[in-house]
Number of protein chains: 2
Amino acid sequence: MSALHPSLPAPSVGLVGFGAFGRLIARHLAPHARLTIHDPYLPAGLIAAQAGPEAVAADLRRVAACPVVILATPVTRLDEAVRALAPHLRPGTLVVDVGSVKTGPAAILAAGLPADVEILATHPLFGPQSAGDGIRGLKIAVCPIRGRGAFRAAAFLRRGLGLDVILTTPEAHDRAMASVQGLTHLIAKVLVAMEPLPTRMTTRSFDLLMQAVGMVRDDAPDVFHAIERANPHAAQVRQRFFALAGQLDAELAGEAVPAAPVRLAS
Amino acid sequence: MSALHPSLPAPSVGLVGFGAFGRLIARHLAPHARLTIHDPYLPAGLIAAQAGPEAVAADLRRVAACPVVILATPVTRLDEAVRALAPHLRPGTLVVDVGSVKTGPAAILAAGLPADVEILATHPLFGPQSAGDGIRGLKIAVCPIRGRGAFRAAAFLRRGLGLDVILTTPEAHDRAMASVQGLTHLIAKVLVAMEPLPTRMTTRSFDLLMQAVGMVRDDAPDVFHAIERANPHAAQVRQRFFALAGQLDAELAGEAVPAAPVRLAS
């Protein structure tokens, strides 16, 4: 794209959804693409004011006319966005989503988009907080679903944006994220509910814990929903966490001080 | 002490207990003091081999003759160490402990040591892992219990070792640590039991979480015991954590996808 091939005009990219993550995408794609942005829940004037001089706000039809369309909608509204978009897409268009789960969204995209439209399901493993110092070196999970455009896009993510591209499947992604995000957000939610917690008399490991909490505490409620409810494996991970925690609590509540070290039976 | 007053001979410091934390103390005090070390569970030859050229291994009587004696024993063995040490201490000696809880140990020290012996209860808020890059700037909780020697020692910890000295009481310390260490070690114990967890497809916040786990996972079992059982407030913090987690789980397990964002009722 433009930064990679300075002689070519910047490609046109459509963006549906201009929430926290849509704005992050717009900021990092602006040097590489001409962006056309639509958000069904935001007035075009507000989008235009925040999107920078290189981007334009437009209706869904104009966004759908771009050769690449990125869906940055909540996972719960992906179905609705796909239905609205599908009739306007041209053959060969590459549609990309960026949600925190992949099995369900990949199925929605595959079922709801015309057969001649290419599909790339992605999950940038960072958010507005963790991308505060830029996105180079950060990880993105990439699941090519349909067509060759997915591989060109992955190459751009790697070389154009400097991301650490992890090629995977929706199923493998959701299994890993049920632990990675499921546990992080679960623990963060509980620790936030326990506040105020000490800030001065702290250990380095507690500081790291609270730094992790700080990175996800302002995530949109929909992100938490996607991670804990839309991920088909999250409930199982939660149950395992609670079972092990309960077991540990029972051991600690035992009256006798054990001669042997306190152990968590597995 | 020596580094602060190069013209004076290095003061003599006795150390009881040569486990992981005792060795950490010996390493950082060696440039400032002549160390005499005793561990009732380790042969003197082994201590001498590991303690460096500036330190000597000795029996409890010689350790007790030092003007400053540091107890680096497990919290569960503090009572035993105090009883063994007490008959040999000289008037004006400063006895310092370094355990992870302070209410119980401070009471043991105050009750078990002669009235003419000064007492400083401390808790370095770091361990062998988090002190890997040195201890300057790290935190230490300091509770003066008896005598003026405690304040001279606190001044040395600040100026001689560069520690961030937090002056507090055993009660305030244990309240804060019930959350700080209680939660960190509880979460770490459960996450370690859930391993293997993903290492490649991870978020930055999950990486921070696992870094926190890494700092405490190799702590001696006795540290976990002190934090979760000897701290009088730890059980209450655990119960609050489990209650909030259970509430969150119940909300997530609810069948209806809420129209409003998932909220954790407080």
Q. Restricting the search to the range B:130-155, which residues are within 17 Å of the chain's Cα centre (by Cα), touching a residue at least 40 places away in the same chain (Cβ under 8 Å) and assigned to a loop (DSSP other than H, G, I, E, B)?
A. B:SER130, B:ALA131, B:ILE135
(Q) Residue under question is B:GLY182, and the condition is that it be more than 7 Å from chain A (Cβ to nearest Cβ) and assigned to a helix (DSSP H, G or I); does it hold? (A) yes
Q. Cβ-Cβ below 9 Å, separation at least six or inter-chain, first residue in the range A:156-181 and in contact (Cβ under 8 Å) with a residue 40 or more places away in the chain, second crowded, with 16+ Cβ neighbours inside 10 Å and among the acidic types (Asp, Glu): which pairs?
A. A:GLN181/A:GLU228
Q: Considering only the range B:21-54, state which residues are assigned to a helix (DSSP H, G or I), surrounded by 17 or more Cβ atoms within 10 Å (Cβ to Cβ) and among the aliphatic types (A, V, I, L, M).
A: B:LEU24, B:ILE25, B:ALA26, B:LEU29, B:ILE47, B:ALA51
(Q) Can you tell me which condition B:GLN181 does not meet? The list is (1) within 12 Å of the chain's Cα centre (by Cα); (2) modelled with pLDDT under 95, and all the others hold. (A) (2)
Q.
So, A:HIS173, is that one part of a helix (DSSP H, G or I) and modelled with pLDDT of 95 or more or not?
A. yes
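Listed residues B:VAL63, B:VAL75, B:VAL56; which is of a type in the set (A, V, I, L, M) and within 20 Å of the chain's Cα centre (by Cα)? Steps first, answer last, please.
Values: B:VAL63 fails: within 20 Å of the chain's Cα centre (by Cα); B:VAL56 fails: within 20 Å of the chain's Cα centre (by Cα).
When all the criteria are applied, what remains is B:VAL75.
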Q.
Given the criteria within 11 Å of chain A (Cβ to nearest Cβ), assigned to a strand (DSSP E or B) and out of contact with any Cys (no Cβ under 7 Å at 6 or more places or on another chain), does B:ILE166 qualify?
A. yes
Q: List the number of the failed condition for A:ALA115; all other conditions in (1) surrounded by 20 or more Cβ atoms within 10 Å (Cβ to Cβ); (2) more than 27 Å from A:ASP219 (Cα to Cα) hold.
A: (1)
Q: Mind listing just one residue for me: the one in the range B:203-229 that is over 13 Å from the mean Cα position of the chain (by Cα) and more than 7 Å from every other protein chain (Cβ to nearest Cβ) and, of those, farthest from A:MET177 (Cα to Cα)?
A: B:ASP218
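The values are calculated or read from the model by the stated rules, or taken from the named source; none is laboratory data. Computed from a predicted model, the values in this text were never measured in an experiment. Methodologically, a virtual Cβ is constructed for each residue, glycine included, from the backbone with ideal geometry; neighbour enumeration extends over all protein chains shown.
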